[in-house]
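Data first, discussion second: the structure below is written as structure tokens.
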Amino acid sequence: MFVIHVGLGWSLGSDGTNPLTDLVSGRAAALFALLAGVSIALISGGSTPATGHAKGVALWRVVIRGAIMLPVGVGLTMLDTPVSVILAYYAVFFVLAVPLIDERWKVVAGAAAVLAAAGPLASFWLRSLIADEGPLSGPVAAFDAYDPLVALSGSGVIDLLATGSYPALTWLPYVLAGLALGRLDLASLRVRAGLVGTGAALAALGYGLSWTAMNAMGGRERLEATYTASALADHGGYTSTDQAMAHGFNGTVPVNDWVWLLTALPHSGTPLEILGAGGVAIAVLGLCLLAERALRWIAYPVAAVGALALTVYVGHVLLIWVAENDLWRRTPLQWATDNLALTVLAASLVGATAWRLTVGRGPLEWPLHAVSSWAAKRIP
């Protein structure tokens, strides 16, 4: 996340590119969404799902957390930073995931697999009906005109579900996959190793199939032949297919050619990207769990950042906003925004570690936990 948002890393060669960008682009967000699903599973009992009244409390805790995330996400989006804020989308993910909160992990995993294949196809079809004065363009425009989220932040319900940076149609599979994984015995060495192997296999399959389709079966040539500037205007505004292939998209693929669905580009929301990026996320989770005992104390600062994930997320977006608007210019704090990547990294690691050791639950995590728990226990 820090690599993408603040350029954490190092320059490579004369072009000044960051070699970490291509490595994590799209995959960091997929891991973020996967972990959201794992957190839902842990809230609702982990490998032994809650039942009865406890299940109801867990369900409402998740829904209320989503309700709290929505205004926080909208508020951050209103700052108009270069960050595509995911928190408002989390609200939708949480609400859509709760119907499966008490299902067996195989059922949830099956739902994730079906949606990973069907969601991008549905998204492509619906967006083709919206684009270029299609039959849904008028109704969508009318809906957006009365959507308060659009008025506030420019990103409304339609964006959250189908057309935005992290639309539920194509991002919910990551969350459901995380929910399924959270139902496993994650303390088991066998399960942890299995996550690494399964994730690596899924990643190889997704990216391998896409490479074959694009390079061995003429997909790239087809997309070059059907390229139009207007088709990519809302998808990065790229001046060529090669440029799009080099950088990826902003949540969805263009609808001028169905072959885009065979790519696995970052933030493209295609079946093969979900398979590839989801596989990487699963493998990373497994590797971290395998290394947990050996690196428990060495990696404590990283774990502390994870424990204060909401605080760190909101804090780093606010710091980006400060830097974008030069609010600390000609003050002793200007160095911090002039060296934003280092500031964000150091402040997150040091601040989260100190807070975790002295206070415990984070400054935003505590009210989120307290409010959702208090309210959930009082809902019949």
When you scan the range 186-199, do you find a residue that is among the charged types (D, E, K, R), in a loop (DSSP other than H, G, I, E, B), under 25 Å from the mean Cα position of the chain (by Cα) and within 19 Å of Ala283 (Cβ to Cβ), even just one? no
Please work out which residue is surrounded by the fewest Cβ atoms within 10 Å (Cβ to Cβ), limiting yourself to the range 209-246 and to residues that are closer than 15 Å to Pro266 by Cα and among the small types (Gly, Ala, Ser). Ala246
Can you work out which of the residues in the range 122-156 that are surrounded by 14 or more Cβ atoms within 10 Å (Cβ to Cβ) and among the hydroxyl-bearing types (Ser, Thr, Tyr) is nearest to Ala231 (Cα to Cα)? Ser128
State all residues of the range 308-336 that are at pLDDT 95 or above and among the β-branched types (Val, Ile, Thr); if no residue qualifies, say none. Thr311, Val312, Val314, Val317, Ile320, Val322
Given the criteria crowded, with 17+ Cβ neighbours inside 10 Å and either on the phi > 0 side of the Ramachandran plot or modelled with pLDDT of 95 or more (or both), does Val6 qualify? no
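Could you tell me how many of the residues in the range 171-190 are over 15 Å from Gly279 (Cα atoms), in contact (Cβ under 8 Å) with a residue 40 or more places away in the chain and not aliphatic (A, V, I, L, M)? Steps first, answer last, please.
Here is the first cut: in the range 171-190, the residues over 15 Å from Gly279 (Cα atoms) are 182-190.
Narrowing the set further to residues that are in contact (Cβ under 8 Å) with a residue 40 or more places away in the chain leaves 182-186, 189.
Okay, now just the ones that are also not aliphatic (A, V, I, L, M), so 182-183, 185.
Matching residues across the range 171-190 total 3.
Mind counting the residues in the range 141-162 that are out of contact with any Gly (no Cβ under 9 Å at 6 or more places or on another chain) and farther than 21 Å from Leu261 by Cα?
7
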Selection from the range 110-166 of residues closer than 30 Å to Ala180 by Cβ and aromatic (Phe, Trp, Tyr) yields Phe124, Trp125, Tyr166
Can you tell me which condition His267 does not meet? The list is (1) surrounded by 14 or more Cβ atoms within 10 Å (Cβ to Cβ); (2) farther than 19 Å from Val38 by Cβ; (3) more than 22 Å from the chain's Cα centre (by Cα), and all the others hold. (3)
Applying the selection to the range 13-42, what residues are within 21 Å of Glu273 (Cβ to Cβ), among the β-branched types (Val, Ile, Thr) and touching a residue at least 60 places away in the same chain (Cβ under 8 Å)? Val38
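Residues of the range 6-30 being assigned to a helix (DSSP H, G or I) and within 13 Å of the chain's Cα centre (by Cα), which ones?
Across the range 6-30, the qualifying residues are Val24, Arg27, Ala28, Ala29, Ala30.
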Residue pairs qualifying under the 8 Å Cβ cut-off, at least six apart or on distinct chains, with the first in the range 68-81 being in a loop (DSSP other than H, G, I, E, B) and the second being among the aromatic types (Phe, Trp, Tyr), are Leu79/Trp321; Thr81/Trp321
Hits in the range 319-365 - residues which are farther than 22 Å from Gly9 by Cβ, in a helix (DSSP H, G or I) and within 22 Å of the chain's Cα centre (by Cα): Glu365
Filter the range 366-380 down to residues that are charged (D, E, K, R) and part of a helix (DSSP H, G or I), then give me how many there are. 1
Filter the range 323-354 down to the residues that are hydroxyl-bearing (Ser, Thr, Tyr) and out of contact with any Pro (no Cβ under 6 Å at 6 or more places or on another chain), then identify the one that is surrounded by the most Cβ atoms within 10 Å (Cβ to Cβ). Ser348
Filter the range 256-280 for residues that are of a type in the set (A, V, I, L, M, F, W, C) and either closer than 22 Å to Asn18 by Cβ or modelled with pLDDT under 95 (or both) and give the result. Ala264, Leu265, Ala277, Val280
Here is a list of conditions, (1) surrounded by fewer than 18 Cβ atoms within 10 Å (Cβ to Cβ); (2) closer than 28 Å to Leu42 by Cα; (3) of a type in the set (A, V, I, L, M), and Ala304 meets all of them except one; can you say which number that is? (1)
Check every one of the helices (runs of 4 or more DSSP H) wholly within the range 223-310 and list those with 2 or more residues that are within 22 Å of Ala30 (Cα to Cα) and in contact (Cβ under 8 Å) with a residue 40 or more places away in the chain. 271-291, 300-307
Is the range 191-199 home to any residue that is in contact (Cβ under 8 Å) with a residue 40 or more places away in the chain and basic (Lys, Arg)? yes
Residue check for Ala33: at pLDDT below 95, aliphatic (A, V, I, L, M) and either assigned to a helix (DSSP H, G or I) or surrounded by fewer than 18 Cβ atoms within 10 Å (Cβ to Cβ) (or both): no
Which of the residues that make up the range 159-185 are part of a loop (DSSP other than H, G, I, E, B), among the charged types (D, E, K, R) and either under 17 Å from the mean Cα position of the chain (by Cα) or surrounded by 18 or more Cβ atoms within 10 Å (Cβ to Cβ) (or both)? Arg183
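The values are calculated or read from the model by the stated rules, or taken from the named source; none is laboratory data. Nothing here was measured: the structure is a model prediction, and the numbers come from that model. No Cβ is skipped: glycine too gets one built from the backbone with ideal geometry, and neighbour counts run over all protein chains shown.
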